[in-house]
Amino acid sequence: MKQRSFSPESLMMSYGYEPSWSEGSVKCPVFQTSTFEFTTAEQGKAYFELAYGLREPRRHEQQGMIYSRINNPNMEILEERLRLWDGAEACAAFESGMSAISTVLLEFLRPGDLLLFGTPLYGGTHHFIHHVLTKFGIHVRSFTVHDTEEQLEQILQESGLAHRLGMIYLETPANPTNDLLDIDLMARLARRHSSPDRPVYLAVDNTYMGPLWQQPLQHGADLVLYSATKYIGGHSDLIAGAVLGSRELIGRVKGLRTFLGNMIAPYTSWLLLRSLETLKVRMEQQARNAEAVATYLRQHPKVARVYYLPFLAEEDPRQHRIWSSQCKGGGAMLSFDIRGGEAEAFAFLNHLQLIKLAVSLGSTESLAEHPATMTHVDIPADEKQRLNITPSLIRLSVGVENSDDLIWDVEQALAAVPVARPQAATLV
């Protein structure tokens with residue numbers, strides 16, 4: 001019988017680890033150590049030469065363990081398993097999603113370069129781009145889901161810095177509106193402005209969809225990033241991040257990670273290895289629940305609009321084309337506009353009983369928050385209005401609870417919201 005190529009969900013149980021390494025332990029233990037013993041001084045020299053890129057590895061030569069800031073068994077096993085979902089050559093794991101994002105931006109951009117980025121973005125990323133990168137002389141320009149390929153070219157040309165474009169960065173679906181950006185289009189744009197001595201890289205934050213429902217590398221992205229805190233971790237008990245791509249690019253990312261010191265810790269790696277075993281079943285249940293909740297919200301008289309991928313695809317042919325070509329499901333994130341404003345949104349949030357009023361997403365428990373005053377508070381008011389991050393917008397991350405219980409909770413919270421009064425006309 002031929003050797004079978006197992007699916008990622010099967011490989012999550014043991015890939016990259018041998019029980020013989022640890023007294024036959026079926027599960028990988030926590031390698032809680034800062035440093036590792038060398039067999040000989042010659043071995044130590046060889047390991048450091050490889051770690052610092054002073055030479056290429058010899059035939060069958062592997063990088064050995066040196067120091068947990070550089071490598072650690074838990075981290076390396078985690079990285080090997082994570083790359084399977086996206087079909088990546090390599091992965092670098094971090095102690096937070098923001099450390100993964102900031103390390104990528106700092107590694108691939110230089111003073112004078114231009115970063116072109118999609119909006120809306122996660123609030124932390126937005127802040128880092130506008131308030132940190134610009135301190136290093138990096139220029140930034142944004143675009144929206146509505147911009148066509150021609151308009152994107154116009155943005156670049158009007159910047160006067162098209163020749164210095166270094167990276168295109170986007171989240172898709174966008175947080176918190178679920179707007180879809182076309183990864184294939186962005187890849188074409190990056191290639192068009194690349195040259196042999198000045199490549200333009202495309203980096204995609206895939207946190208909102210997780211590795212199950214979208215694989216950006218298959219659509220031309222060079223790097224895919226995750227807040228692994230979210231679906232990959234999935235239990236609201238850790239903070240972590242990850243970057244995936246080619247061996248060459250991830251080698252560069254790991255090089256900077258070593259000296260920034262923001263690598264993932266052994267115990268956090270171990271927790272993520274645990275979480276990967278149930279990733280698929282968790283995300284599938286979350287997707288089923290999200291569809292049920294979104295369908296209920298859509299018909300409720302106190303809800304003006306629901307931002308759920310399948311619904312948005314129905315409303316807009318362009319969004320439908322992107323969704324059908326690059327997504328593998330509807331996801332478990334949705335937002336909705338409650339009729340009224342901040343007062344009505346807060347009344348809904350304050351009356352939830354099962355769903356937790358908290359930020360973050362992708363966990364086993366359902367979470368609700370108010371983006372305009374919480375996760376996206378740092379975005380200027382006019383930009384929030386333009387991106388539809390309004391006082392009436394509520395974001396839901398749907399968990400694995402019983403869907404009937406979730407709908408009951410949403411129903412009773414909406415019942416507690418007073419009917420919004422129409423604003424009186426202003427006399428001029």
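The values are calculated or read from the model by the stated rules, or taken from the named source; none is laboratory data. As the structure is a prediction and not an experimental result, all values here were calculated from the model. Backbone-built Cβ (ideal geometry, glycine too); neighbour counts: all protein chains shown.
Out of curiosity, is L244 touching a Lys or Arg at 6+ places or on another chain (Cβ under 6 Å), closer than 26 Å to S360 by Cβ and either part of a helix (DSSP H, G or I) or not charged (D, E, K, R) (or both)? Talk me through it step by step, then tell me what you get.
Numbers: touching a Lys or Arg at 6+ places or on another chain (Cβ under 6 Å): yes; closer than 26 Å to S360 by Cβ: yes; either part of a helix (DSSP H, G or I) or not charged (D, E, K, R) (or both): yes.
Here the answer is yes, as L244 does meet what is asked.
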Residue match in region 310-329 (condition: within 18 Å of the chain's Cα centre (by Cα), within 14 Å of V398 (Cβ to Cβ) and assigned to a helix (DSSP H, G or I)): no
Qualifying positions in region 1-40 - surrounded by 10 or more Cβ atoms within 10 Å (Cβ to Cβ), among the hydroxyl-bearing types (S, T, Y), within 14 Å of P266 (Cβ to Cβ) and free of Cβ contacts under 8 Å to residues at least 40 places away in the same chain: S22, T35
Test: residue in region 380-388 that is of a type in the set (D, E) and closer than 23 Å to K302 by Cα: no
Residue ID - nearest to V303 (Cα to Cα), chosen from residues in region 335-365 that are touching a residue at least 60 places away in the same chain (Cβ under 8 Å) and among the β-branched types (V, I, T): I338
Pick from region 367-388, criterion under 21 Å from the mean Cα position of the chain (by Cα), without any contact (Cβ under 8 Å) to a residue 60 or more places away in the chain and part of a loop (DSSP other than H, G, I, E, B), ranking: farthest from E291 (Cα to Cα): M374
The lone exception for M283 - which of (1) farther than 19 Å from R83 by Cβ; (2) hydrophobic (A, V, I, L, M, F, W, C); (3) not in a strand (DSSP E or B) it fails: (1)
Hits in region 129-171 (condition: surrounded by 20 or more Cβ atoms within 10 Å (Cβ to Cβ) and modelled with pLDDT under 95): V145
Any pair with Cβ under 7 angstrom, 6 or more apart, that starts in region 143-172 at a residue that is within 20 Å of V224 (Cα to Cα) and ends at one that is small (G, A, S): F143/G118; V145/A174; M167/A203; I168/A190; Y169/A203; L170/G118; E171/G118
Selection status of P391, assigned to a loop (DSSP other than H, G, I, E, B), modelled with pLDDT of 90 or more and touching a His at 6+ places or on another chain (Cβ under 9 Å): yes
Subset of region 245-262 that is surrounded by fewer than 23 Cβ atoms within 10 Å (Cβ to Cβ) and closer than 14 Å to S96 by Cα - its residue that is nearest to the chain's Cα centre (by Cα): N262
Tally, over region 87-102, of residues that are surrounded by 19 or more Cβ atoms within 10 Å (Cβ to Cβ) and more than 17 Å from T229 (Cα to Cα): 2
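So which residues in region 199-230 are in a helix (DSSP H, G or I) and either without any contact (Cβ under 8 Å) to a residue 24 or more places away in the chain or hydrophobic (A, V, I, L, M, F, W, C) (or both), if there are any at all?
Step one: of region 199-230, the residues in a helix (DSSP H, G or I) are 210-213, 216-219, 229-230.
Correct list: L212, W213, L217.
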Test: I407 is part of a strand (DSSP E or B) and under 30 Å from T278 (Cβ atoms): no
Residues that are more than 11 Å from G399 (Cβ to Cβ) and under 24 Å from the mean Cα position of the chain (by Cα), drawn from region 334-366: L334, S335, F336, D337, L357, A358, V359, S360
Test: T39 is at pLDDT 90 or above, hydroxyl-bearing (S, T, Y), in contact with a Pro (Cβ under 8 Å, 6 or more places away or on another chain) and more than 15 Å from K254 (Cα to Cα): no
Qualifying helices (runs of 4 or more DSSP H) (wholly inside region 1-94; at least 1 residues being more than 22 Å from M283 (Cβ to Cβ) and in contact with a strand residue (DSSP E or B) (Cβ under 6 Å, 6 or more places away or on another chain)): 73-86
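I'd like to know if region 181-198 contains one or more residues that are assigned to a loop (DSSP other than H, G, I, E, B), in contact (Cβ under 8 Å) with a residue 24 or more places away in the chain and crowded, with 23+ Cβ neighbours inside 10 Å.
Pass one, region 181-198, residues assigned to a loop (DSSP other than H, G, I, E, B): 181-182, 193-194, 196-197.
Those still in the list that are in contact (Cβ under 8 Å) with a residue 24 or more places away in the chain too: 181-182, 193.
From the residues that got through so far, the ones that are crowded, with 23+ Cβ neighbours inside 10 Å too are none.
Looking through region 181-198, none of the residues is assigned to a loop (DSSP other than H, G, I, E, B), in contact (Cβ under 8 Å) with a residue 24 or more places away in the chain and crowded, with 23+ Cβ neighbours inside 10 Å.
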